[in-house]
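What follows is a single structure, written as structure tokens, with notes after it.
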Amino acid sequence: MQFAQTQMFSTQSTIDQLSARDFARIVDLISSEIGVRLHSTKQSMVEARLRRRLRDLQMTSFAEYSDLLFRRAGLEAELPHLVNVLTTNKTDFFREPQHFELLRSTIVRDILATRRLERLPTLKVWSAACSTGAEAYTTAMVLSDMAEKSGAFRYSILGTDVSTEVLHKARIGIYSTEQIAPIPQDMQRKYLLWSRRENPPKEVRIAPELRRRTNFNYLNLMDPHYPVDRDVDIIFLRNVLIYFSKED
Ligand SMILES: C[S@@+](CC[C@H](N)C(=O)[O-])C[C@H]1O[C@@H](n2cnc3c(N)ncnc32)[C@H](O)[C@@H]1O
């Protein structure tokens, strides 16, 4: 009886844990591909996130998944999914609002001063590591509001990220009512579409005039070249380099 119990536990632990070797290989892979360093203390977080992927693939063990990554030449096809589950995508509208206050009070004015000879300059903004788009759309709201009042400029925004899953959400531009809570009320009324079917609505969509000025593309910050216009005026690069090594 005692033997049977020991057997049962040992089988479960092989199903439920990554081997130290496979964990180390995944850590190295993610660090070399996208710069994100997964700390050795994060093994259980990595396992919890990978379980989602194992379920999608109908796999029952981490060993089977490691086999797909490292032994069956499945890496190229699987890497985007691995990146989707292992990146931390936390973001918010008006996150650290002082940055957007500075944009409004100083930065746009200073840039426009250097371009006063242009009749209607277009300000180009790049949200690098944009996650699900809250930073890009927050910027779009602030700039739309300013442009509407001054009529002095146009703008275009590019959001980029290495996770295809967050880019998909950003392009659609649908958010829960909890997510849009930090957006000031007047901007909520102007820049969000509210569903008439649900009362109260659970989700809202970014208004089409903001979506038209905002594009989202895949870009890995570890790549040697960035296919982004060279004349970008403002770059937001926030809450991503904290995951990289100093050298990267
Ligand atoms: C914590 S979110 C920050 C989002 C937003 N900048 C903000 O401050 O709210 C970090 C984002 O960086 C992205 N990321 C991580 N490594 C990247 C890389 N090598 N290239 C581009 N994006 C990366 C992740 O996919 C994630 O969406």
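None of the figures in this text is laboratory data; all of them are computed from the coordinates on show. Predicted, not measured: the structure shown is a model, and the values here were computed from it. So basically every Cβ, Gly included, is an ideal-geometry build from the backbone, and we count neighbours across all protein chains shown.
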**Item:** Set K42/K190; K124/K169; K90/K190; K202/K246; K42/K124 screened for pairs whose C-alpha atoms are more than 32 Å apart
**Value:** K42/K190; K202/K246; K42/K124
**Asked** Do the sum for the chain: with -39,500 (n - 2.57) for every DSSP H run of n ≥ 4, divided by all residues, what is the mean residue ellipticity at 222 nm, to the nearest 500 deg cm²/dmol?
**Response** -13000 deg cm²/dmol
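Please give the FRET efficiency for R52 paired with R154, using the beta carbon to beta carbon distance and R0 = 51 Å, rounded to the nearest 0.05. Walk me through the intermediate numbers first.
Values: r = 41 Å, r/R0 = 0.80.
The calculated FRET efficiency here is 0.80.
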**Message:** Quick check: the distance between the Cα centres of the range 116-158 and the range 169-242, to the nearest angstrom?
**Reply:** 12 Å
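Relative to the present Cα-Cα distance, how much length would full extension add between Q185 and K246 at 0.36 nm per residue of separation?
On the way: separation 61, 0.36 × 61 = 21.96 nm, distance 4.01 nm.
18.0 nm is the gain from fully extending Q185 to K246.
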**Asked** Among S156, S44, S31, which one moves the most in a GNM of the chain with springs linking Cα atoms closer than 10 Å?
**Response** S44
**Complete:** Interchain or sequence-distant (5+) residues whose placed amide H lies within less than 5 Å of the amide H of I235 are W126
**Residue exposure sequence - D67, D229 - by fewest surrounding Cβ within 10 Å** = D229, D67
**Complete:** For the pair R25 and E101, the simple spin-label estimate (label points 7 Å beyond Cα toward Cβ) gives in nm 5.1 nm
**Request:** Mind pulling the angle between the C-alpha long axis of helix 2-16 and the longest principal axis of the chain? Nearest 10 degrees, somewhere in 0 to 90.
**Result:** 30 degrees
**Asked** Hey, in the GNM for the chain with a 10 angstrom Cα cutoff, which one of S195, S66, S163 fluctuates hardest?
**Response** S195
**Asked** Helix 20-34 versus the longest principal axis of the chain: what angle, 0 to 90°, nearest 10, using Cα atoms?
**Response** 20 degrees
**Asked** Quick one: putting +1 on the C-beta of Lys and Arg, -1 on the C-beta of Asp and Glu, what dipole do you get for the chain around its Cα centre, in Debye to the nearest 20?
**Response** 720 debye
**Tilt relative to the chain, helix 134-150 - C-alpha long axis, 0 to 90 degrees, to 10** = 0 degrees
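What is the order of L117, L75, fewest Cβ neighbours within 10 Å to most?
Values: L117 6, L75 14.
Fewest-to-most ranking of L117, L75: L117, L75.
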**Prompt:** What list do you get for E247, E165 if you sort them by fewest beta carbons within 10 Å?
**Reply:** E247, E165
**Item:** Nitroxide proxy distance, nm - points 7 Å out along Cα→Cβ at R196 and R115
**Value:** 3.8 nm
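Calculate, in nm to one decimal, what H81 and S32 gain on full extension: separation in residues at 0.36 nm each, minus their alpha carbon distance.
Values: separation 49, 0.36 × 49 = 17.64 nm, distance 1.60 nm.
Full-extension gain reported as 16.0 nm.
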